[in-house]
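Accompanying notes for the structure given below.
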């Protein structure tokens with residue numbers, strides 16, 4: 001009897017819930033549908049076509065019924081023409097962008113020493129020096145018809161050889177022109193082969209990264225894991241990931257960026273470079289999956305470095321020593337500010353121009369040089385756009401009162417970290433002059449006279465200054481073959497190697513005199 005009553009109660013509950021569910025489902029209006037259109041569960045089971053509404057060219061909002069409503073017109077989702085057009089547009093964009101992206105293969109000579117045992121028990125032995133070539137991989141983007149390539153500094157830092165693969169599969173040697181390590185941007189140039197010419201190149205132009213908005217669609221192009229011309233799609237997830245005027249800004253994107261993508265371009269829907277892919281965020285060390293966060297260097301910073309290296313434009317950014325953040329609604333209420341427009345100062349660097357001017361943490365920057373500040377990003381952009389030596393006038397809200405401060409903008413201390421191949425070559429020539437030697441390339445006739453095969457790297461010492469350091473060890477006519485493990489093929493390479501010698505350890509120059517090897521130790 002008890003079981004029968006329980007069954008009856010349970011059946012009644014199920015019937016009641018079913019009736020309520022039917023009422024709710026049949027009454028639900030899908031978003032953006034007009035009042036007369038209803039789509040319920042039974043329509044779905046009967047496979048009736050579904051239509052949604054999209055905004056029209058008419059004003060979006062109206063005040064009918066006392067509440068703003070969205071004017072919209074239904075679109076039939078069974079019509080795939082819109083999706084087809086979008087697919088064609090993305091494919092066309094990819095076809096236009098990919099030819100400018102190159103794969104970068106690097107080689108680094110690594111010296112190691114190991115003990116070679118001379119007895120079966122390994123108790124005795126001798127030390128043997130060995131070297132091997134370590135390979136590296138990255139991406140780059142062609143930005144001039146002369147073959148200049150933008151990539152990350154960490155992709156080519158300290159490497160001994162660079163080779164690039166173009167879209168058509170052809171490979172060329174490339175030379176490093178210069179870098180800005182703090183921005184992590186390097187410039188390469190494709191070498192024209194002897195007796196040949198470069199194929200027609202398809203450079204991309206720089207876009208305006210300041211105009212980029214969160215939510216914009218982007219494509220990330222690169223060569224992850226050596227897989228050429230990989231394209232991923234995403235959006236700009238966030239901007240200004242470093243909120244102080246002495247740090248780099250990064251775009252956060254959700255497009256997949258894998259190892260090997262470093263140095264590849266981040267492009268907008270117009271095919272312009274708005275960023276250079278630099279890193280991925282992995283989060284916790286025990287999480288080994290991609291977490292949807294990639295970082296890219298804004299094109300504004302990359303373009304500034306490129307122009308400084310290739311065109312000699314000074315790379316100077318304003319600095320006053322502020323760290324700022326966006327103004328939260330709660331903080332705005334707490335200080336009696338009527339909006340969230342402005343940038344709150346979170347830290348002031350000691351000894352900085354901002355500290356000398358009297359700015360303090362908690363102050364809210366409302367205006368910069370008389371123009372309103374909307375957020376922290378805008379404040380930092382205004383600061384960095386100022387030239388060193390120029391005064392900046394900041395209108396600040398402090399304890400309910402607005403006060404004007406004048407701050408003298410200075411150049412960032414990091415601006416002297418620009419590294420140029422030309423500077424290294426000049427430094428190498430200065431070292432050679434200090435040593436007291438003059439060098440020259442070997443002619444074909446000299447090689448024949450010396451019976452020196454073409455495959456052996458060498459230059460000749462054409463003169464040694466009297467009473468110089470070189471006069472103790474070197475002689476006119478000595479051949480220079482290597483510096484450390486790097487071959488000396490010509491005078492330019494010799495100066496490059498001298499100019500880039502490590503200053504914290506002794507280097508070795510390998511020479512020969514009358515066929516006998518000579519070692520000279522250099523201490524820059």
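Values computed for the structure shown
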{"read-out": "Cα-based radius of gyration of segment 472-524 once divided by 2.2 N^0.38 Å, which approximates compact folds", "value": "1.10"}
{"read-out": "Per residue Cα convex hull volume in Å³ - calculated over segment 318-415", "value": "85"}
{"read-out": "Rotationally averaged projected area of segment 418-522 (alpha carbon convex hull; nm²)", "value": "6.8"}
{"read-out": "Packing-based ranking, highest mean first, of 398-406, 153-161 given that Cβ atoms within 10 Å are counted", "value": "153-161, 398-406"}
{"read-out": "Segment 332-375 - percent relative contact order, Cα under 8 Å, separation 6 or more", "value": "43"}
{"read-out": "Residue 492-residue 433 pseudo-label distance in nm [points 7 Å out on the Cα-to-Cβ vector]", "value": "2.0"}
{"read-out": "Cα-based equivalent ellipsoid of segment 313-368: semi-axis lengths in Å, sorted from largest, via gyration tensor", "value": "25, 14, 8"}
{"read-out": "Peptides ranked, highest mean first, by Cβ atoms within 10 Å: ranges 270-277, 508-515", "value": "270-277, 508-515"}
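Readers should treat all values here as calculations from the given coordinates under stated rules, not as data from a laboratory. These figures come from a predicted structure and were not determined experimentally. As a convention, Cβ positions derive from the backbone with ideal geometry for all residues, glycine included, and neighbour counts pool all protein chains shown.
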